[in-house]
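Chemist: Got a structure for you, questions after.
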Amino acid sequence: MSSTEKNKQAENDDSIAIEEHLYFRAMRSPYTGILLDNSLLSVNNLFDTEGMVKLQKDVYPLYEEIESVIGRAGLENYIGVTQRDFPKHLKMYAERQATVLRNLRKK
C-alpha cells in the first residue's frame, strides 16, 4: 500500500471513529429519550446512524443551549409543543422548500 493510500485509509478510519463516537453519544443523550417519549423519534430512527449523528451534531447542541436558559422541564415542554404542532412544522418546512424550488425555476 502506498503512503497516499495509507493516508486515505487513516483518514477514513478517523472519520468512522468520529461518527461512531457521535452515534454513541446520541444514543446515551437524554435528548434522545425525550424525543422518543414525545414520539418524535421511533425505534427505527435509533438504527439510522447518519440521522442520529446529525441529531448529535446539529440539534442536541441547540437543545443544550435552550436547556441552559429554560431548564430541562422547559425543554421537555418545548419538545412536547413541537410534537403537538408537528403538522404545522411540516407545513412550514414544505412551504420553505417550495419557495426555494420556485426561486430556482425562475433562474
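Chemist: What is the fewest-to-most order of Arg25, Arg84 by other Cβ atoms lying within 10 Å of their Cβ? All intermediate terms of the calculation are to be shown ahead of the outcome.
Modeler: Numbers: Arg25 16, Arg84 10.
Sorted ascending by nearby Cβ count, the order is Arg84, Arg25.
Chemist: Based on the Kirkwood radius over alpha-carbon pairs, what is the Stokes-Einstein translational diffusion coefficient of the chain at 20 °C with 1.002 mPa s viscosity, in µm²/s? Could the numbers behind the result be given before it?
Modeler: Details: Rh = 16.5 Å.
Reported coefficient: 130 µm²/s.
Chemist: Can you compute the FRET efficiency between Arg84 and Glu64 using 1/(1 + (r/R0)^6), with r the Cβ-Cβ distance and R0 = 30 Å? Round to the nearest 0.05.
Modeler: 0.85
Chemist: Sequence gap at least 6, Cα distance under 8 Å: using those rules, report the relative contact order of the chain to the nearest whole percent.
Modeler: On the way: 39 pairs, mean separation 24.9, N = 107.
Over the chain, the number comes to 23 percent.
Chemist: Counting only helical runs of four or more DSSP H residues, what would the 222 nm mean residue ellipticity of the chain come to if each run contributes -39,500 (n - 2.57) and the total is spread over all its residues? Walk me through the numbers before you get to the answer.
Modeler: On the way: 6 runs with 90 residues, N = 107.
Roughly -27500 deg cm²/dmol at 222 nm, from the helical runs in the chain.
Chemist: Shifting gears a bit: I need Lys54, Lys106 ordered by Cβ neighbour count within 10 Å, fewest first.
Modeler: Values: Lys54 14, Lys106 6.
So the residues, fewest neighbours to most, are Lys106, Lys54.
Laboratory data are not the source of any read-out in this text; all were calculated from the coordinates shown. Fair warning: this is a prediction, and the values are worked out from it, not measured in the lab. So basically every Cβ, Gly included, is an ideal-geometry build from the backbone, and we count neighbours across all protein chains shown.
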